[in-house]
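Below you'll find the structure, written out as structure tokens, and then a few comments.
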């Protein structure tokens, strides 16, 4: 009886919508494409804000346009797996890439670093990985902190007497990455434990790692050997 009802319902849908079914399908696909474009625009906007921040607060020298040589490459899908701390990209030695090269989600937005490579692909450790730890600074006051990778990344060893607030930009101060590249913004500040000499905060990014389809590798940045 239930099968008969389902069959009747299907016939009614076809009768009512008929030629409009393809139109509905196209609308659904169009909506998904719009969401993808919105994500890309948000990243581009964040990139521009990061460049403005660098120009206004960090340089002190003449700004050179096109300082970095960005190489665009695709991100392999992790679906349906849940490993969102490492990503694989569709470029390798044959494309002029190398271990330790810096990877960004957009210009001036630090994402991670190549840790393993073969002829055609590379593995990238991102800021969401537990083994990703770098020195950073926070906001216009340039407050020192340690960024520890994770989901979400955390900002630790922030002196309690330093003034930080939600929305402050967090940018790189580690010698292994370009100075001033943005990582994200302060989201939540935790300083409830009076016995601790430091406070900590969480990092908010304007993208989710699972949404990244393209990233960029900086070919002309060299890591300073210790």
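Please give the FRET efficiency for residue 72 paired with residue 160, using the beta carbon to beta carbon distance and R0 = 41 Å, rounded to the nearest 0.05. Kindly include the intermediate steps, with their values, before the conclusion.
Working: r = 42 Å, r/R0 = 1.04.
So, using R0 = 41 Å, E works out to roughly 0.45.
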Worksheet entry | Sorted by Cβ neighbour density within 10 Å, fewest at the top, the residues 211, 85, 77 | 77, 211, 85
Discussion item. Full-extension gain between residue 211 and residue 151, please, as 0.36 nm times their residue separation minus the C-alpha to C-alpha distance.
Written reply: 20.1 nm
Practice prompt. Give the Rg (one decimal place) followed by the Dmax (whole number) of the stretch 100-226, computed from C-alpha coordinates and expressed in Å.
Written response: 15.0, 52
Worksheet entry | Cα Rg, Dmax, the stretch 133-204, angstrom units | 11.2, 35
Worksheet item: Label residue 130 and residue 176 with points 7 Å out from Cα along Cα→Cβ: what is the distance between them in nm?
Response: 1.8 nm
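FYI, it's all coordinate maths here, none of it is from the lab. Keep in mind that what you see is a predicted model, and the values were worked out from it rather than measured. Heads up, the Cβs are rebuilt from the backbone with ideal geometry, glycines too, and the neighbour counts pull from every protein chain shown.
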